[in-house]
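Structure first, commentary second.
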Amino acid sequence: MSIDEIQCVSYETLSDERLCALAHAGDRDAEEILVKRYNRLVRTLARPYYLAGGDSDDLIQEGMIGLIYGVREFDGKKSASFHTFAEVCIRNRLYSAVRAAARDKHMPLNQSVPLEIPFFDSHGFLFDAALISQTNPEDLLISREGVLDALSGVRRQLSEFEAEILGYYLDGLTIREMADAVSRSPKSVDNAVQRIRRKAARHLTTSGDPSNG
């Protein structure tokens, strides 16, 4: 085993907080391991926006930017865990991207509809990631129940297979991982995701129309 491989194995056993400390000291390997460790969380948080009409690649990129910000700005002296801090940073970046896209009709995210409750303070302002260090990130966590409530109407329109895929999809699994879980081909799973996306878009478009009530 090479020195690099030994170092990688050693790093994998370190806590998120310890890896952050190493990253702050300029260790790019530690930062890379954290990014890989949280890749699935980024996918999980971005996917409700994708189902609502966002561009998958753009959303993942924005979420990764939020994650990198979290790695570089995390203060280990705070009581919140890195996981909590990273989640807030990723969510905040996604919300900011969707809001910015809504102001520019030419951007791919302009059709995105948030399926979760934004992080608003008592005055109605969206929290900026730069302000997280001045408050307790644990207080900013929003329950995933908001997502489930928003998708409840969509679920009623799904086949049993599509409903199963939706559950895995919102948990951040890749197409290959979902295909293995349901013993179907990746193409079959991808087609199901596209059907779910179309049904979600129709539901979100018509649910607010009184004529459809």
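Overview of results
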item: Members of the stretch 173-213 that are modelled with pLDDT of 90 or more and not in a helix (DSSP H, G or I); result: 173, 174, 183, 184, 185
item: Residue tally, condition in contact with a helix residue (DSSP H, G or I) (Cβ under 8 Å, 6 or more places away or on another chain) and over 10 Å from residue 66 (Cα atoms), over the stretch 85-95; result: 1
item: Long-range neighbours under 7 Å by Cβ, at least six apart or interchain, first residue buried (at least 17 other Cβ atoms within 10 Å of the Cβ) within the stretch 12-30, second in a loop (DSSP other than H, G, I, E, B) and at pLDDT 90 or above; result: 20/74
item: Qualifying helices (runs of 4 or more DSSP H) (wholly inside the stretch 1-115; at least 2 residues being over 16 Å from the mean Cα position of the chain (by Cα) and modelled with pLDDT under 90); result: 3-12, 82-102
item: Yes/no for residue 88 being surrounded by fewer than 20 Cβ atoms within 10 Å (Cβ to Cβ) and not polar (S, T, N, Q); result: no
item: Breaking point among (1) without any contact (Cβ under 8 Å) to a residue 40 or more places away in the chain; (2) closer than 24 Å to residue 198 by Cβ, for residue 55; result: (1)
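The values are calculated or read from the model by the stated rules, or taken from the named source; none is laboratory data. Worth saying up front: this structure is predicted, and the values here are computed from it rather than measured. Neighbour counts are summed over all protein chains in view; Cβ atoms, including those assigned to glycine, are modelled from backbone coordinates with ideal geometry.
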